[in-house]
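Undergrad: Attaching a single structure in structure tokens format; questions to follow.
The values are calculated or read from the model by the stated rules, or taken from the named source; none is laboratory data. Given the structure is predicted, the values throughout are model-derived calculations rather than measurements. Counting neighbours? That spans all protein chains shown, and the Cβs are built from the backbone with ideal geometry, glycine included. Please note that ligands, DNA and RNA were not included when accessible areas were found on the heavy atoms of the full protein model with its side chains. Shrake-Rupley method; radii C 1.70, N 1.55, O 1.52, S 1.80 Å.
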Amino acid sequence: MALQLQAKHLLLACLLILALIQTSKAGGGIATYWGQNLYEGSLAEACNTGLYSYINIAFLITFGGGQDLGLNLAGHCDPTWNTCTKFGAEIKTCQSLGVKLFLSIGGASGTYNLTSAEDAKRVAEQIWNSYLGGTDSSATRPFGDAVLDGVDFDIEVGSVLYYDSLAAYLKNYSQQGKTVYLSAAPQCPYPDAYLGTAIDTGLFDFVWVQFYNNRDCMYTAEAGVGPLLTSWNTWSSSLKSGKLFMGLPATEVAAPSGGYIPPEVLINQVLPVIVKSSNYGGVMLWSRYYDFLSGYSSKIISYLNMLKNPLWSIISMFK
């Protein structure tokens, strides 16, 4: 009996090693938002956890209509006093660890609005020179010489127009030597009222859909995972390009109108289904602060790719 147990454990260990080798080549990462709570820790601390592949620095709340760009990091720093430059070194640390960093524009409140395609072009130029690879010496760079990897669209108020133009103008800067990645955070009702047209351009590399605060397409204890998975399938089959992420709150408090999924439900009932989608990219969590409190990402991270590997079904037999 002892020899049989040893053999079983040895086989399981070998299978786990093979699975890890294979899944390291697969997709499946965690994205989160940082910048909206002073108690979430620094940007470098978030990156040093090794939990996140993508971090959206939130939010650029003022743009368009001839306005200067306005960044709000909720007490982390004040760009008007040039105190956000301290994060330049942290941004470079994160990137050295392989974490992609995006400037998230929009949010649930702000004074942003695009008035025309020409206005979108101007905003793209402002963002390029202030946060990306632009070299205009007259531009204000809140993070100093640090160059972010891309721009995240989290548009929730104002006009729905010209975000397709903004995406095109930003993506066009990729021709100047450094890829500009684009991500979007639409609500789960399809198509998204604000970003549907922009996402349909096929220019977005990552789409982390907010499957929360929308009862018809989120998980609830009463309805189970059915509405959630139906909505996921709609998004997955409709997305023209890019990786699709399931956006979730990291705690119940993070989404006052619901959508929190207990980690065990996500692992056992949701991930085994969504990882089969060809455009599956992983999970987005709102936000770093709530994830810091709950440890949600650490509970699910080892399952994001494992379940996509055929060896996982064999490993499960030994559990």
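Undergrad: Within region 210-232, which residues are surrounded by 18 or more Cβ atoms within 10 Å (Cβ to Cβ), without any contact (Cβ under 8 Å) to a residue 40 or more places away in the chain and among the hydrophobic types (A, V, I, L, M, F, W, C)?
TA: Answer for region 210-232, where residues must be surrounded by 18 or more Cβ atoms within 10 Å (Cβ to Cβ), without any contact (Cβ under 8 Å) to a residue 40 or more places away in the chain and among the hydrophobic types (A, V, I, L, M, F, W, C): just Cys217.
Undergrad: If I filter region 178-197 for residues that are in contact (Cβ under 8 Å) with a residue 24 or more places away in the chain, buried (at least 16 other Cβ atoms within 10 Å of the Cβ) and more than 30 Å from Asn213 (Cβ to Cβ), do I get at least one hit?
TA: There is no residue in region 178-197 that is in contact (Cβ under 8 Å) with a residue 24 or more places away in the chain, buried (at least 16 other Cβ atoms within 10 Å of the Cβ) and more than 30 Å from Asn213 (Cβ to Cβ).
Undergrad: Residues being part of a strand (DSSP E or B), over 28 Å from Gly98 (Cβ atoms) and open to solvent by less than 10 Å² (accessible area, probe 1.4 Å): count how many of those fall in region 46-73.
TA: 1
Undergrad: Looking only at region 31-45, which residues are farther than 15 Å from Asp154 by Cα and either hydrophobic (A, V, I, L, M, F, W, C) or crowded, with 24+ Cβ neighbours inside 10 Å (or both)?
TA: Correct list: Leu38, Leu43, Ala44.
Undergrad: Hey, Asp205 hits all of (1) more than 24 Å from Ser159 (Cα to Cα); (2) of a type outside the set (Gly, Ala, Ser); (3) touching a Ser or Thr at 6+ places or on another chain (Cβ under 7 Å) but one; which does it fall short on?
TA: Just one mismatch for Asp205, condition (1).
Undergrad: Quick one: how many residues across region 87-129 are under 23 Å from Gly158 (Cα atoms) and of a type outside the set (Asp, Glu)?
TA: 24
Undergrad: Which of the residues belonging to region 24-39 are polar (S, T, N, Q), part of a loop (DSSP other than H, G, I, E, B) and either modelled with pLDDT of 95 or more or touching a strand residue (DSSP E or B) at 6+ places or on another chain (Cβ under 9 Å) (or both)?
TA: Gln36, Asn37
Undergrad: Right, another one. Just checking, does region 80-87 include any residue being more than 20 Å from Thr251 (Cα to Cα) and open to solvent by less than 20 Å² (accessible area, probe 1.4 Å)?
TA: So far as region 80-87 goes, yes, one or more of its residues are more than 20 Å from Thr251 (Cα to Cα) and open to solvent by less than 20 Å² (accessible area, probe 1.4 Å).
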